[in-house]
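Novice: Just passing along the structure, written as structure tokens.
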Amino acid sequence: MIEAEVQIQTPDGAMNAFTVHPEGEGPFPAVIQYFDALGLREEIRAMARRYSEDGFFVIAPDLYHRFGNGIHFEADADGQLSAEQRTEMFGYVDRLTDAMVMADTAAVLEFLEDAPLALDAPKGAVGYCLGGRAVIRAMAEFSDEIRSGAALHPSQTVSDGADSPHLGIARFNGDAEIYIGFGGQDHLTPPPVIAAVTAQLEQAGVQHVVDVTEDAQHGFTMASRAAYNAEADRLHWARTLDLFERRLG
């Protein structure tokens with residue numbers, strides 16, 4: 001595989017991003033990978049490499065770029081963050097708006113247009129936690145460009161407001177397909193949230209698969225975290241790669 005750290009210009013300045021793609025002439029179908037609250041770290045890069053091994057050009061943008069360079073958090077040997085780390089991390093999460101993430105996504109899409117090894121075709125997106133919500137937002141905001149998505153243990157997908165992320169599902173491309181993996185023990189996605197998202201998918205007629213792994217907690221895809229759930233993670237990889245292979249490959 002060929003990987004690189006690149007810089008992309010956004011309305012809020014230069015944004016670092018990690019790219020990885022297979023060796024060969026290409027071009028390769030492109031996938032945008034959104035990180036979870038812990039930021040762009042080696043664990044996210046390793047996951048990007050795994051997607052790339054299946055034949056994709058993967059780009060993982062550093063959405064925290066506007067707050068500083070290389071901001072990320074590492075769990076300890078027990079898969080935990082300290083109280084100080086959690087306070088700092090959630091400070092960034094609270095400051096990072098969906099509008100900022102969509103502005104960064106627009107910049108990433110412009111970058112991919114000029115990337116010779118990224119296929120000029122509809123893109124895929126995969127994300128975790130706040131990145132899972134970003135997938136839903138991006139498939140609504142950029143419905144022609146992003147038609148395949150996987151949202152894993154997404155956070156804050158349903159609100160009482162008219163701009164609730166799940167309502168954007170109605171704006172997905174008519175050819176869109178999404179996979180959403182929930183944890184049955186995820187405090188951020190209790191049963192009413194899962195039901196509301198599923199109902200919106202069905203009402204909008206969007207092709208979808210929704211999994212709920214009953215004993216999985218928030219963050220179940222992250223092997224470095226105490227919440228890691230091997231069963232849910234295996235399902236995440238199988239469903240997501242199947243989606244991208246069918247829709248992008």
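The values are calculated or read from the model by the stated rules, or taken from the named source; none is laboratory data. Only a predicted model underlies this, so the values are computations on that prediction, with no experimental measurement involved. With ideal geometry, Cβ positions are generated from the backbone for all residues, glycine too; neighbour counts draw on all protein chains shown. For the accessible areas, the whole protein counts, side chains as well, though only heavy atoms, and no ligand, DNA or RNA atoms are used. Shrake-Rupley method; radii C 1.70, N 1.55, O 1.52, S 1.80 Å.
Novice: Work the Kirkwood hydrodynamic radius out for the stretch 128-230: mean of 1/r over every pair of different alpha-carbon atoms, inverted, in Å.
Specialist: Kirkwood hydrodynamic radius for the stretch 128-230: 13.5 Å.
Novice: Can you tell me how the stretch 71-196 classifies by the Cα gyration tensor, rounded, prolate or oblate, using a/c under 1.5 as the rounded cut?
Specialist: Since a/c reaches 1.5 but b/c is at least a/b, the shape of the stretch 71-196 is classed as oblate.
Novice: Another question, if that's okay. For Asp242 and Met1 in the same chain, what is the full-extension length gain: residue separation times 0.36 nm, less their Cα-Cα distance, in nm?
Specialist: Extending this stretch completely gives an extra 84.7 nm.
Novice: Roll a 1.4 angstrom probe over the protein heavy atoms and tell me the percent of accessible area of the chain that is carbon or sulfur.
Specialist: The nonpolar share, carbon plus sulfur, comes to 47 percent.
Novice: Select from Tyr64, Tyr34, Tyr92 the residue whose mean-square fluctuation is largest in a Gaussian network model of the chain (Cα-Cα springs shorter than 10 Å).
Specialist: Of the options given, Tyr92 has the highest mean-square fluctuation.
Novice: Springs between alpha-carbon atoms under 10 Å, Gaussian network over the chain: tell me which of Phe35, Phe56, Phe73 tops the mean-square fluctuations.
Specialist: Its mean-square fluctuation being the largest, the pick is Phe73.
Novice: Roughly how compact is the chain, stated as its Cα Rg over 2.2 N^0.38 Å to two decimals?
Specialist: 0.93
Novice: Could you tell me whether the stretch 202-249 comes out rounded, prolate or oblate from its Cα gyration tensor? Rule is a ≥ b ≥ c as square roots of the eigenvalues, rounded for a/c under 1.5, then prolate if a/b exceeds b/c, otherwise oblate.
Specialist: oblate
Novice: So, for the chain, what is the accessible surface per residue at a probe of 1.4 Å, expressed in square angstrom?
Specialist: 43 Å²
Novice: On to the next question. With a/c under 1.5 counting as rounded, go ahead and sort the stretch 8-90 into rounded, prolate or oblate using the C-alpha gyration tensor (a ≥ b ≥ c being the square roots of the eigenvalues; past the cut-off, prolate if a/b is larger than b/c, else oblate).
Specialist: The shape class here is oblate.
Novice: Now, a different point. What list of ³J(HN,Hα) values in whole Hz, one per residue of the stretch 61-69 in order, does the Karplus curve 6.51 cos²θ - 1.76 cosθ + 1.60 (θ = phi - 60°) give from phi, with Gly and Pro shown as x?
Specialist: x, 8, 5, 8, 4, 6, 9, x, 8
Novice: What is the distance in Å between the Cα centroid of the stretch 203-249 and that of the stretch 135-180?
Specialist: Centre-to-centre (Cα) distance: 15 Å.
Novice: Okay, moving on. How far apart, in nm, are the 7 Å Cα→Cβ label points at Ala106 and Asp76?
Specialist: Between Ala106 and Asp76, the simple spin-label model gives 4.3 nm.
Novice: Still on this structure, please answer the following. Provide the gained length on full extension for the span Glu42 to Gln207, in nm with one decimal, where the gain is 0.36 nm per separating residue minus the Cα-Cα distance.
Specialist: 56.2 nm
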